[in-house]
Amino acid sequence: MLVALTLMGAYFFYQYRKHRRSAQSGVGNDEIREILQLHFAYFRGLGSNDQQKFIKRVAQFIGMKTFIPRMFKVVTSEMKVLISAAAVQLTFGLPEICLQHFRRIIIYPDAYYSTVTKKMHKGEVNPGAQAIVLSWKSFLSGYANPDDSYNLGLHEMAHALELENLIENKEYAFFPEEVWADFRQEAQQISAHIKSGHHDFFRTYASTNEKEFFAVAVENFFERAAAFQQRFPQLYSILVLLLNQDPLKKTT
């Protein structure tokens, strides 16, 4: 009888732990796959093995973050999956980078007023608050047109990735120093040409500073890869090395 009770207790404890893990992430692998298959072209372009890997990393990302709604009540599974997928898309070639420092994903339904800058924002990254902040409307708009080089999700995740590379934790310094130095040199030269009006590929905002150049370059890397590679082959090759993936080459 004691053995039976012990086994029963172990079973219910296992079920409790299983339910708790599920509740923490809130999204199962089958649901993740369904959402990605319907709404995420990058995922559909992967081979079956990489799709499994992508789903696993999305689930891991969701489980590590707290998703916080602002000006609405419930963060849906679709929101969690697609926002997480944007991060995984950017980091898919890197060794299990989950943007560890950024524990909070704060979501607004539309553009919001920032009390820090006193301006309206569509998104931002706040390392002090350990937060990535996004307008859901703008996030969806970024993926609705996959080749216009405007993608809020990739843009803000690029900011978070660059900062994560500098913050001393388990994910610290994953960009090779020499490759990053090459990127900075290219960024300075191209930004100078943008400011002088001699470049029309990257939008003017890219020349604001090095961080914005990286974020805009990432948007173009994924959304206009062929044109990017043709126009700036050196910069494109540097991003291939930094992110360890090439959008022009299909995975298997």
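The values are calculated or read from the model by the stated rules, or taken from the named source; none is laboratory data. Since we're looking at a predicted model, the values are computed, not measured. Methodologically, a virtual Cβ is constructed for each residue, glycine included, from the backbone with ideal geometry; neighbour enumeration extends over all protein chains shown.
Some notes on this structure:
- Output for the range 112-162, where each listed residue is of a type outside the set (A, V, I, L, M), closer than 21 Å to Arg203 by Cα and without any contact (Cβ under 8 Å) to a residue 12 or more places away in the chain: Lys119, Ser141, Asn145
- Residues located in the range 186-200, provided they are in a loop (DSSP other than H, G, I, E, B) and buried (at least 17 other Cβ atoms within 10 Å of the Cβ): His199
- Some residue of the range 232-243 being under 23 Å from Asn151 (Cα atoms), assigned to a loop (DSSP other than H, G, I, E, B) and either in contact (Cβ under 8 Å) with a residue 24 or more places away in the chain or not assigned by TED's automatic domain parsing to the domain that holds Gly153 (or both): yes
- Yes/no for Gln52 being buried (at least 18 other Cβ atoms within 10 Å of the Cβ) and either modelled with pLDDT of 95 or more or outside the structural domain of Lys249 (by TED's automatic domain parsing) (or both): no
- You will find that of Phe213, Phe183, the residue that is in a helix (DSSP H, G or I), over 26 Å from Ile68 (Cα atoms) and in contact with a Ser or Thr (Cβ under 8 Å, 6 or more places away or on another chain) is Phe213 and no other.
- Test: Glu168 is closer than 17 Å to Glu210 by Cβ and of a type outside the set (Phe, Trp, Tyr): no
- Which numbered condition Arg104 misses (of (1) closer than 18 Å to Ala158 by Cα; (2) in contact with a helix residue (DSSP H, G or I) (Cβ under 6 Å, 6 or more places away or on another chain); (3) modelled with pLDDT of 95 or more): (2)
- Inspection of the range 220-227 identifies no residue that is in contact with a Lys or Arg (Cβ under 7 Å, 6 or more places away or on another chain) and among the hydrophobic types (A, V, I, L, M, F, W, C).
- Residue list for the range 208-252, restricted to those being surrounded by fewer than 17 Cβ atoms within 10 Å (Cβ to Cβ) and within 17 Å of Ala86 (Cα to Cα): Asn244
- Leading residue by the ranking (farthest from Ile105 (Cα to Cα)) among those in the range 127-165 that are aromatic (Phe, Trp, Tyr) and part of a helix (DSSP H, G or I): Tyr143
- Restricting Tyr42, Tyr108 to those that are in the same structural domain as Ala131 (by TED's automatic domain parsing), buried (at least 16 other Cβ atoms within 10 Å of the Cβ), touching a strand residue (DSSP E or B) at 6+ places or on another chain (Cβ under 8 Å) and not aliphatic (A, V, I, L, M) reduces the list to Tyr108.
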